[in-house]
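Only one structure is covered here, and it is reproduced in the block below.
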């Protein structure tokens, strides 16, 4: 979900289920153009194979099943333990990009690779999985997935736990794929980041103690506006981050689609971002790569929860390689990083600068710094040279403009802290704060002072 900086500026400116067929009729009754998405092979059962081309496929003793089991298939002592509908296999819309589910409908159990699913529970079925019925050792079927193998080349640590589905996005900083936990069927987004894009100092990056320590920090983070790291797999050549899935896209695309955001929505989004950054700073984490691409939205509604992502990436990046993580032109990077060539020591104030640029972009649909403005963007940033000449600024309040000016100050010592940003007059908006707390699933009455908000309760209290 990283941006392609070459077209970034131009983007901103432009910017019914089949009826089951009887097993014995086999292929003669199937439409020529039907999609065969899987195949069942018999193992310890008198049954050869069957192509799966319906959205749902059921097996059991009942006559209405796609495969109705009887004594021609199984010994009586086994058949008597088979339910009328023992299990169901399904693939939504017969779409090869969707996962295959197996649902256990039997009290005596359905097992995948000898592991019990559990009555009325589902799990994901993958290629070469063995299906046992009534007992883990009675291996009746082998499933073959005829869809494309998106997991090819991935480490076994990942393929053992996750079904890898379609690509969600890609960019200079990594590939993002939709994955499903095989046991829980929960959806996640998996970001794959090649380490040669992160650091030239591979020895330091791969230090086992350092990696374990950073993984613990990232996985322990819990805030409604910080993306939850479900899992992280560190390998010699790549870091695999399994994140909660956000279905509303990223903030960059929202700005592009809307041309620019209203001040009301910008304020709601910005407060959530500041809450996330305050939490990260309190935990000793400086994000260092805040930009609309790394802000994910929960839904498609205008007023929606957002979460800051890729904070984990900053924990794997060395100071001398920060420039390599910015995916092209450093449109959001603080001037002190540019001035030292990415080799200096920075404070949390680099995030304040980036937040200022993000807010500028939300309110105007334009960038404060760009190579299209007559000089190199890097020089504009180092000199703090920007203006509010675009027509969109005529409808923006002076309080919002004043806050941006305070954040986009070249000298980091003169920039406000995240607490001071949250206390700014522009964000002291009771109506907005109430909406934000609802989205964050917090009770405003339980929070005496919003500036002291760091960690919310795990569950909202019911009264």
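The values are calculated or read from the model by the stated rules, or taken from the named source; none is laboratory data. Predicted, not measured: the structure shown is a model, and the values here were computed from it. Cβ coordinates were reconstructed from backbone atoms using ideal geometry, including for glycine residues, and neighbour counts include every protein chain displayed.
Taking segment 349-407 as the region of interest, the helices (runs of 4 or more DSSP H) fully inside it that hold 3 or more residues being surrounded by fewer than 16 Cβ atoms within 10 Å (Cβ to Cβ) and either out of contact with any helix residue (DSSP H, G or I) (no Cβ under 6 Å at 6 or more places or on another chain) or in the same structural domain as residue 272 (by TED's automatic domain parsing) (or both) are 398-407. When the residues of segment 121-144 are filtered to those that are under 17 Å from residue 87 (Cα atoms) and within 28 Å of the chain's Cα centre (by Cα), the one that is modelled with the lowest pLDDT is 126. For segment 248-263, state whether one or more residues are over 19 Å from residue 364 (Cα atoms) and under 16 Å from the mean Cα position of the chain (by Cα). Scanning segment 248-263, I find at least one residue that is over 19 Å from residue 364 (Cα atoms) and under 16 Å from the mean Cα position of the chain (by Cα), so the answer is yes.
Please work out which residue is nearest to the chain's Cα centre (by Cα), limiting yourself to segment 205-228 and to residues that are modelled with pLDDT under 85 and closer than 19 Å to residue 278 by Cβ. Steps first, please.
Narrowing segment 205-228 to residues modelled with pLDDT under 85: 205-220.
After this cut, where a residue has to be closer than 19 Å to residue 278 by Cβ as well, the list is 217-218, 220.
Numbers: 217: 19, 218: 15, 220: 17 Å.
This residue is 218.
Quick one: how many residues across segment 35-55 are in a loop (DSSP other than H, G, I, E, B) and farther than 13 Å from residue 73 by Cα?
Of the residues in that region, 6 qualify.
Total residues in segment 223-242 satisfying the condition of being surrounded by fewer than 19 Cβ atoms within 10 Å (Cβ to Cβ) and part of a loop (DSSP other than H, G, I, E, B): the figure is 4. Just to be sure before I move on: is residue 117 buried (at least 16 other Cβ atoms within 10 Å of the Cβ) and either in contact with a helix residue (DSSP H, G or I) (Cβ under 6 Å, 6 or more places away or on another chain) or within 26 Å of residue 242 (Cα to Cα) (or both) in the structure I sent? It is true that residue 117 is buried (at least 16 other Cβ atoms within 10 Å of the Cβ) and either in contact with a helix residue (DSSP H, G or I) (Cβ under 6 Å, 6 or more places away or on another chain) or within 26 Å of residue 242 (Cα to Cα) (or both). When residue 149 is tested against the conditions (1) surrounded by 14 or more Cβ atoms within 10 Å (Cβ to Cβ); (2) in contact with a strand residue (DSSP E or B) (Cβ under 9 Å, 6 or more places away or on another chain); (3) at pLDDT below 95, the lone failure is (1). Among residues of segment 153-180 being in contact with a strand residue (DSSP E or B) (Cβ under 9 Å, 6 or more places away or on another chain) and not in a strand (DSSP E or B), the one that is surrounded by the most Cβ atoms within 10 Å (Cβ to Cβ) is 173. All conditions but one from (1) modelled with pLDDT under 85; (2) in a helix (DSSP H, G or I); (3) more than 28 Å from residue 436 (Cα to Cα); (4) in contact with a helix residue (DSSP H, G or I) (Cβ under 8 Å, 6 or more places away or on another chain) apply to residue 313; the one that does not is (3).
Let's see how each residue does on (1) part of a strand (DSSP E or B); (2) in contact with a helix residue (DSSP H, G or I) (Cβ under 9 Å, 6 or more places away or on another chain); (3) under 19 Å from residue 147 (Cβ atoms); (4) not assigned by TED's automatic domain parsing to the domain that holds residue 42:
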residue: 65; (1), (2), (3), (4): no, yes, no, no
residue: 85; (1), (2), (3), (4): no, no, no, no
residue: 97; (1), (2), (3), (4): no, no, yes, no
residue: 102; (1), (2), (3), (4): yes, no, yes, no
residue: 108; (1), (2), (3), (4): no, no, no, no
